[in-house]
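Colleague: If you scroll down you'll find the structure; I have some questions about it.
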Amino acid sequence: MSRKTSEPKETRITNHPILTFNRGKKVTFYFEGKPMQGYLGETIAAALVANGVKVFRYTEKHKRARGFFCAVGKCSSCLMVVDGVPNTMVCMEPLREGVRVERQHGRGKL
């Protein structure tokens, strides 16, 4: 039996009973070299999650996976390398055209 493979389904919230989402223009950004789509001004974390990315970094000592957690800049789960700069909190960093994002391994070195 063969299995069909398809693109991951977008997981972006589009309707909410209280919040409204004023989306900017659609932009292309790169996650570990792979082009992805998001909206100008949304956070990098939101764009990654909408594209099916669940692991943002790995801890230094035990190499444990970390992903989107608090979404308000209070934890360190979303630290990633953005345009070559490590330790960027992607839950607070706005998405922009052409930004390059990579998973961070450990503490991140300048």
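Colleague: Taking the residues in the stretch 57-95 that are charged (D, E, K, R) and either surrounded by 15 or more Cβ atoms within 10 Å (Cβ to Cβ) or modelled with pLDDT of 95 or more (or both) as candidates, determine which candidate is nearest to Ala46 (Cα to Cα).
Modeller: Among those that are charged (D, E, K, R) and either surrounded by 15 or more Cβ atoms within 10 Å (Cβ to Cβ) or modelled with pLDDT of 95 or more (or both), it is Glu93.
Colleague: Next up: Return the pairs, sorted by first residue and then second, in which the second residue is assigned to a strand (DSSP E or B) and among the hydrophobic types (A, V, I, L, M, F, W, C), the first residue lies in the stretch 23-41 and is within 14 Å of Asp83 (Cα to Cα), the beta carbons are less than 6 Å apart, and the residues are 6+ apart or on different chains.
Modeller: Sorted first by the residue in the stretch 23-41, then by its partner, the pairs are Phe29/Met36; Phe31/Val101.
Colleague: So, Ala47, is that one outside any loop (DSSP other than H, G, I, E, B), in contact with a strand residue (DSSP E or B) (Cβ under 9 Å, 6 or more places away or on another chain) and under 18 Å from Arg12 (Cβ atoms) or not?
Modeller: Taking the combined requirement at face value, the residue satisfies it.
The values are calculated or read from the model by the stated rules, or taken from the named source; none is laboratory data. Note that the structure is predicted; figures quoted are calculated from it, not measured. No Cβ is skipped: glycine too gets one built from the backbone with ideal geometry, and neighbour counts run over all protein chains shown.
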